[in-house]
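Reading through the structure tokens given below for one structure.
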Amino acid sequence: MILKRISILNYKNLEQVELDFSTKMNCLIGQNGMGKTNLLDAIYYLSFCKSANNPIDSQNIKHDQNFFVLQGSYVTELGDVEEVYCGLKRRQKKQFKRNKKEYTRLSDHIGFIPLVMVSPADAELIAGGSEERRRFMDVVISQYDRDYLSALIRYNKALTQRNTLLKAEEEPDNELMEVWEEIMAMAGEVVYRKRKEFVNEFIPVFQTFYSSISQGQEQVSLSYESHADNGNLLQQLKDNRQRDRIMGYSLKGVHKDDLVMQLDSYPIKREGSQGQNKTFLIALKLAQFDFLRRTGSNTTPLLLLDDIFDKLDASRVEQIVKLVSGNRFGQIFITDTNRDHLDKILEKVHGEYKVFSVEQGNVIERKEQANEEE
């Protein structure tokens, strides 16, 4: 998938932006706080129907404005043009359209424009709680497996209903509790099976990327932990019901799953340096890209790289540059405050690229920096 053109009105600090992109490499240069990340976030929004870093839609509207509009013009591998539109007015439901036809369910759009974003916020995958790592699995699998997304939605709805019953002052209705537990167990088994299959296939791809970037200096591993490893989910829910009632929430289930991340057989959260953690995260995301490219809808994802070179030594930067400049990656959007990093990448890009300056929410193409093919 290629994003040929984007139009932005009142999204965060981007008042009015209209850009035509290169089909290969798009570099955004500017100081921090100028709007580089906001532009990437607008592209992310058109894929996932939400912001990567602010789940409250109305807070993405530019200050002192009452709406935002995002429009993207895409070209598929088959050459078909796809127009995607999102509009939101304050205190109103957002509209999401594909080729002028509004979606009845936003979940139907997920996976249509596969996308992988690498950003400083990814540090929470290591430093944060297990919900961050579950979200990572959900974002990947949901982009290529609609059954997974459907099961996850059913599970979360049933979990919410069961927790509501657990918190009630009166003793909850036993039959109603059993209904929600059965839905949780059935949907949870689907989520568990698909997460396990994903992790098993994902691990060697991830390890290969890490080894390439670190040049074999460390060994890393991933493993998947779930209550479903311990047997029937429905029985676990029933057996734990009284304890859950005391706590007021569900202690067992796939909503407690985790990805264990290790460096040389020790938890990377405790042992990893800043450079090693950054390498781990970039390898995770590049493996995510490769996985989606192979298992998705035969569509090469967009790759968004936001300020990825910070805290990395020159050797690791060089290896990442080699990787992303290769033919296995499609259209790339990359931001940096350091022009030297981007120049190193552009030296290795064979084909077209575009360079944009971002300052105070204004984005200008630097035509004098493009190569002769532009």
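You will find that of Leu9, Leu14, Leu19, Leu46, the residue that is in contact with a helix residue (DSSP H, G or I) (Cβ under 7 Å, 6 or more places away or on another chain) and under 24 Å from Ile332 (Cα atoms) is Leu14 and no other. On the basis of being touching a Lys or Arg at 6+ places or on another chain (Cβ under 6 Å) and within 16 Å of Cys49 (Cα to Cα), does Val140 make the cut? No.
Scanning the range 124-137 for residues that are surrounded by 15 or more Cβ atoms within 10 Å (Cβ to Cβ) and touching a Lys or Arg at 6+ places or on another chain (Cβ under 8 Å) turns up Leu125, Ile126, Met137. The residues in the range 61-70 that are in contact with a Lys or Arg (Cβ under 8 Å, 6 or more places away or on another chain), surrounded by 16 or more Cβ atoms within 10 Å (Cβ to Cβ) and not aromatic (Phe, Trp, Tyr) can be counted, and the count is 2. Contact map, the range 93-104: first residue farther than 18 Å from Ile43 by Cβ, second residue outside any strand (DSSP E or B), Cβ cut-off under 8 Å, separation 6 or more or different chains; pairs are Tyr103/His109. Has the range 325-338 got at least one residue that is farther than 29 Å from Glu77 by Cα and among the basic types (Lys, Arg)? The answer is no; no qualifying residue exists. Applying the selection to the range 262-300, what residues are modelled with pLDDT of 90 or more and either in the same structural domain as Gln331 (by TED's automatic domain parsing) or of a type in the set (Val, Ile, Thr) (or both)? Answer for the range 262-300, where residues must be modelled with pLDDT of 90 or more and either in the same structural domain as Gln331 (by TED's automatic domain parsing) or of a type in the set (Val, Ile, Thr) (or both): Ile268, Thr279, Ile282.
Reported count of residues in the range 103-123, each being in contact with a Pro (Cβ under 9 Å, 6 or more places away or on another chain) and exposed (fewer than 15 other Cβ atoms within 10 Å of the Cβ), is 0. The set of residues from the range 93-102 being surrounded by 10 or more Cβ atoms within 10 Å (Cβ to Cβ) and either closer than 10 Å to Asp57 by Cβ or among the hydroxyl-bearing types (Ser, Thr, Tyr) (or both) comprises just one member, Lys94. Just one residue in the set Arg294, Arg339, Arg316 is of a type in the set (D, E, K, R) and under 30 Å from Asp145 (Cβ atoms); that residue is Arg294.
The values are calculated or read from the model by the stated rules, or taken from the named source; none is laboratory data. Note that the structure is a prediction, hence the values are computed from the model and not measured. All Cβ positions, glycine included, derive from the backbone under ideal geometry; neighbour counts span all protein chains shown.
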